[in-house]
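Colleague: My structure is below; once you've seen it, I'll send some questions.
Where a number appears in this text, it was derived from the coordinates with a stated rule and is not lab data. Owing to the predicted nature of the structure, the values given are computational and were not obtained by experimental measurement. Backbone-built Cβ (ideal geometry, glycine too); neighbour counts: all protein chains shown.
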Amino acid sequence: MNLKYISHVVIIAFVLTTLSLTGQNLPQKIRSDISVLGNKQKIEYLSKLCWNNREKETDSALIYGKYAIKLADSLALYNQLAKVNNFIGVIYLHYIHDIHSSISYFHNALATALQVRDTLQIAYAYNNLGDAFYLTGNIQLALEYGENSRYYFNELNNVQGIAYSYINLGLANRADKKYDKSIEYFKEAVKLRKNINDHVGIASGIYEIAQSYFEKSDYKQARLHYDESFGLHKELDNKMYIALCLNGLGDICFAEENYENALKKYNKALKCNKEGNRKTGMIQNHLGRALVFSKIGKRNDGEAALTMALDLAKEIGYPSNILEAYKTRAEFYANVGDYKLANKNYLKYVTIYDSLFTVEQQETLAEMQHNFLITQNLYELNNDLEIKKKETFILVFTIIIFITLGLALVWKYMSNLKLNRRLKSINDSKDKLFSIVSHDLKSPFNSILGFSELLVKSVKEDKLENTGKYANYINLLSKQTVNLITNLTSWSTSQRGVLKIHEERFNLYNLVKEIYDIHIVSAQKKNIIVAIDMDKQLSIYADKKILRIVFTNLLTNAIKFTPPLGEVIISAQKKIKHIEIKFKDSGVGINESDISKLFDIKNNYTTPGTDDEKGTGLGLIICKEFIELHKGKIALESEVGKGTTFTIILPQ
């Protein structure tokens, strides 16, 4: 037996044994339920149990989740692995209040999701990291991860996820004292949640709007939104948010110096939070009560409330709560006139605040390092995949060789058929070429001969009034004939396969300007405006001589088929991987049915210009072949009576 195979069996056996031992922590009923399930179903079942029990049975939820992680990791089911890591991270963050453990799980979720390109879990991992760093007070990272999560949720068009991102961005902006921006994000979240009938999300979003208005000192709007959120959460029987709304209303009463009502609200909120053991809420309630006591002369009660708040804040370990506790203590002692203790607590607040800045820097550096490691791991993974691809390629290539040998006779037969068709096409093209040569060369030479005889006769008879006209005709016909001969020579060279391109880098604008200068007189005779619209520094990698022929044909055509007072625009744009060159005219246009004839010599499609200019029909055929020699493309768009645009795309 192969040693490599034996080693794999041993590893799998070890993993399964480890899982079996770990599984002993699972309740008997759960072990019984999952025993009949397949591996993937086991992971999904345990993940669901983990999430559903996160609030009421947190310890059990962690057991289910961690077992699901080990199982998913051993079987390389990475999509499920990313999801469960996100679940456990949320439990550590919001129910155990262990931020550092939660961040570790979110990192694992992100790395795994990136590895398998699971966009949904990438989005949730970024969202959760934003939430975690908001709670540590690192607003910069909270904003960065919030934006990342919004990007991925938008890519998926995941409305629920986008709303989560808006909430996190709203919280981070509010912590940064950008209240209007935070309100805008919260309102967007509520709007999205209304579209999907997320009643819990709507009510919690309205609470955040109220909180932002309160911190902005707009107590009227804050009270309206607290009341609305309170009513919605009461219908949903959501005790946590009922307590939050009561605390918010208490804050407004305190700000308005209605201390009696403020204390009632804080006490109701505290009772509600104690029932659910919600320590973060209890901290806020105790701090609110302490400030009320400072205003109504109950120092001892206030100090007791402050002590309970600080003890809870230290137990949870959230820096923002500890900071708030010391800040409130300083305010409390200032209210009761004990400025020595007020100063002492304020200095403590400042010390912790300064230390948080250092922690924030360390967190940011740690995140940069973590992101680098993820990138490096992905690179190594892609490297392994490339090696496997090469191995697969070699195997496939070997198989293809054997198949190719078996199909050699068939291929040869098909090649002969293609060759015969090609030879027939060449013969047809040759006949058409001879037809063009015999007709289109003969015609201009006869005209040149006729006009030259008239010119000679005029000179002999001393009738010079028409000599300029005859000379002009001879000049024009000579140019047309030279152009025809150039096109014929170029086309025949390309057909014989002896034309080779010699690419070099050169200034595109200069080449176009050179051709423009040659043909501008022809354009001016018809009162046609020719414009060049491109960067004068734009360079191109191509055969300059061949492009000169192509551009000359296209500009000649544009002038030829554009009526007087029309315009021709030559433009160029550099894209990521190619250059796009356009010759656009406001000419007579081409019927859609005739477009396919333009690039085929067998059709010899040609029409006279707007000034009865003649052509051979070879120009565009040459353009197409020369551009294809560059591995480029030429295309045209045209509408009768409105003009034509030829577009050349050349790879760079």
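Colleague: Tell me which trypsin sites (Lys or Arg not before Pro) from the stretch 517-581 have a DSSP coil assignment and no more than 11 other beta carbons within 10 Å of their own. Walk me through the numbers on the way to the answer.
Modeller: Values: sites: LYS525, LYS526, LYS536, LYS544, LYS545, ARG548, LYS560, LYS574, LYS575, LYS577; in loops: LYS526, LYS536, LYS575, LYS577.
Hits after loop and neighbour filter: LYS536, LYS575, LYS577.
Colleague: Same structure, new question: Which net charge results for the neighbourhood of ARG150, defined as the other residues with beta-carbon distances under 12 angstrom from its beta-carbon, given Lys and Arg at +1 and Asp and Glu at -1?
Modeller: Values: positive: none; negative: GLU144, GLU147, GLU155, GLU188.
Result for the local shell: -4.
Colleague: Given R₀ = 51 Å, FRET efficiency for ALA471-LYS577 by Cβ-Cβ distance, to 0.05?
Modeller: On the way: r = 50 Å, r/R0 = 0.98.
After rounding, the FRET efficiency stands at 0.55.
Colleague: Can I ask one more? Based on the alpha-carbon gyration tensor of the stretch 259-298 and its eigenvalue square roots a ≥ b ≥ c, which shape applies: rounded if a/c is under 1.5, prolate if not and a/b is larger than b/c, or oblate?
Modeller: On the way: a/c = 3.39, a/b = 1.96, b/c = 1.73.
Verdict is prolate for the stretch 259-298.
Colleague: Would you work out the charge dipole size for the stretch 13-157 about its Cα centre, treating the Cβ of every Lys and Arg as +1 and the Cβ of every Asp and Glu as -1, and quote it to the nearest 20 debye? Show your work: numbers first, answer last.
Modeller: Working: 12 positive and 12 negative charges, 103 e Å.
Result for the stretch 13-157 is approximately 500 debye, rounded to the nearest 20.
Colleague: For ILE296 paired with LYS191, estimate the spin-label separation in nm (one decimal), with each label point 7 Å from Cα along the Cα-to-Cβ line.
Modeller: 4.3 nm
Colleague: Grab the beta carbon distance between ARG31 and ASP311, set R0 = 35 Å, and tell me the FRET efficiency rounded to 0.05.
Modeller: For R0 = 35 Å, the calculated efficiency reads 0.30.
Colleague: Applying 1/(1 + (r/R0)^6) with R0 = 51 Å to the Cβ-Cβ distance of LYS525 and LEU417, what FRET efficiency is obtained, to the nearest 0.05? Kindly include the intermediate steps, with their values, before the conclusion.
Modeller: Values: r = 52 Å, r/R0 = 1.02.
Rounded to the nearest 0.05, the efficiency is 0.50.
Colleague: Give me the net charge of ILE590's neighbourhood, meaning all other residues with Cβ under 13 Å from the Cβ of ILE590; Lys, Arg count +1, Asp, Glu -1. Could you put the intermediate results ahead of the total?
Modeller: Working: positive: LYS560, LYS597, LYS642; negative: ASP585, GLU592, ASP594, GLU637, GLU639.
Local charge sum for ILE590: -2.
Colleague: May I ask you to order 172-184, 111-123 by the average number of other C-beta atoms within 10 Å around their residues, highest value first? Mind dumping the intermediate values first?
Modeller: Working: 172-184: 18.5, 111-123: 20.2.
So the order, starting with the most tightly packed, is 111-123, 172-184.
Colleague: Also: Residues in the stretch 105-128 near a label at ALA76, defined as backbone nitrogen under 13 Å from the 7 Å Cα→Cβ point?
Modeller: The answer is 116.
Colleague: Please give the charge dipole size of the stretch 500-652, origin at the Cα centre, charges +1 on K and R Cβ atoms and -1 on D and E Cβ atoms. Round to the nearest 20 debye.
Modeller: Values: 22 positive and 20 negative charges, 89 e Å.
Charge dipole of the stretch 500-652: 420 debye, to the nearest 20.
Colleague: What is the sum of charges around ASP118, taking Lys and Arg as +1, Asp and Glu as -1, for the other residues whose C-beta is under 13 Å from the C-beta of ASP118?
Modeller: Details: positive: LYS83, ARG117; negative: GLU155.
In short, +1.
Colleague: Want the number for LEU341 to TYR541: 0.36 nm per residue separation, take away the alpha-carbon distance, what's left?
Modeller: Values: separation 200, 0.36 × 200 = 72.00 nm, distance 7.70 nm.
Separation in residues times 0.36 nm, less the Cα-Cα distance, equals 64.3 nm.
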